[in-house]
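Comments concern the structure below.
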Amino acid sequence: MKPIISPSILSADFAYLAKDIEMINRSEADWVHIDIMDGVFVPNISFGFPVLKYVAKLTSKPLDVHLMIVNPEKFIPEVKALGAHIMNVHYEACPHLHRVVQQIREAGMQPAVTINPATPIALLQDIIRDVYMVLVMSVNPGFGGQKFIEHSVEKVKELRELIERTGSKALIEVDGGVNLETGARLIAAGADALVAGNAIFAAENPEGMIHAMKGL
C-alpha cells in the first residue's frame, strides 16, 4: 500500500498560499496538514482560524489538523467548523485524554493523539484502541525545518508492535524532518503516513516530490 502523504502548509509560502494549495490539490497528496500553535504549549504561534478557514475553502483534500496547544478540547467546535477530517491532540496536553478523544469522535472527526520525542510509546497502551491515528513527532514541535531525531525510527517500530499486539487499527503518522531518505526508513519501520513540509515546498518541483514520496 502506498504511504499517505500530508504536506504541511507551515512550510508553504504565505505570500502565495493559494498557489501552493492549488499545487497540493493537483498533486497525489492525500491530506493537508495544518499546525495550530498557541505560543504556550510550544514556543511559537502559527495560524489563526481566519487563515484556516481560507485554507479549508481552497483545498480539495481532507484536513489533517494538529493542535499544539493547551486545552485543545476547547477548540473542537472551531476545528469541526473547518470541516476537518482528523483532529490531532497532544498526549502531553490532555490530562483527560479518553474524554477528549470521545468528544472529537462525537463531533464527527477522526481522533488522533500526538506524542513528543521524549514521550514513551508505552504510555499509549490504554488509548491505542480508541484512536484513528498516532502522530509521532520526529522533531520537538514548534518550528519547521528542524533536524530529524534518529530515535524516531525505533519509536515507530515499537508503536507498530504495540498496535499489532493490542489488535488496534490505528494508523501511524510521522512529522518532522521527513524527506525521501528519512521517509523511506520510517515506512520500512511501519509508518502509514508522512507529514512533509520543507522537503516538499523547498523542492524544485514540489508536485514531483509528492509523487516521489508516494512511491516510497
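Charged side chains reduced to their Cβ positions (Lys and Arg at +1, Asp and Glu at -1) give the chain a dipole of some 360 debye around its Cα centre. Per residue, the average separation of C-alpha pairs within less than 8 Å and at least 6 apart gives the chain a relative contact order of 23 percent.
By the Stokes-Einstein formula, at 1.567 mPa s and 4 °C, the chain with its Kirkwood radius over alpha-carbon pairs has D equal to 76 µm²/s. Each of Ser168, Ile149, Val65 was scored by the projection of its Cα onto the charge dipole of the chain, and the greatest displacement toward the positive side belongs to Ser168; charges sit on the C-beta of Lys, Arg, Asp and Glu. Helices in the chain, meaning DSSP H runs of at least 4 residues, each add -39500 (n - 2.57). Divided by all residues, the mean residue ellipticity at 222 nm is -10000 deg cm²/dmol.
To the nearest 20 debye, what is the magnitude of the charge dipole of the stretch 147-187 about its Cα centre, counting +1 on the Cβ of each Lys and Arg and -1 on the Cβ of each Asp and Glu?
Working: 7 positive and 8 negative charges, 18 e Å.
Around 80 debye, computed over the stretch 147-187.
Loop-located trypsin sites (Lys or Arg not before Pro) across the stretch 52-137 with a Cβ neighbour count of 14 or fewer within 10 Å are Arg129, with loop assigned by DSSP. Cross-link pairs exceeding 27 Å between alpha carbons, from the set Lys2/Lys53; Lys2/Lys169; Lys53/Lys155: Lys2/Lys53; Lys53/Lys155.
Placing unit charges on each Cβ (+1 for Lys and Arg, -1 for Asp and Glu) gives the chain a dipole about its Cα centre, and among Tyr54, Met209, Val139 the Cα reaching farthest toward its positive end belongs to Tyr54.
Annotation: extensible slack from Glu164 through Ala107 equals 17.7 nm (criterion: 0.36 nm per residue apart, minus Cα-Cα distance).
Roughly how many whole Å is it from the C-alpha centroid of the stretch 147-216 to that of the stretch 97-142? Taking the Cα centre of each part, the stretch 147-216 and the stretch 97-142 sit 17 Å apart.
Laboratory data are not the source of any read-out in this text; all were calculated from the coordinates shown. Just so it is clear, the structure is predicted and the values come from calculations on it, not from any experiment. Note that each Cβ is placed from the backbone with ideal geometry, even for glycine, and that neighbours are counted across all protein chains shown.
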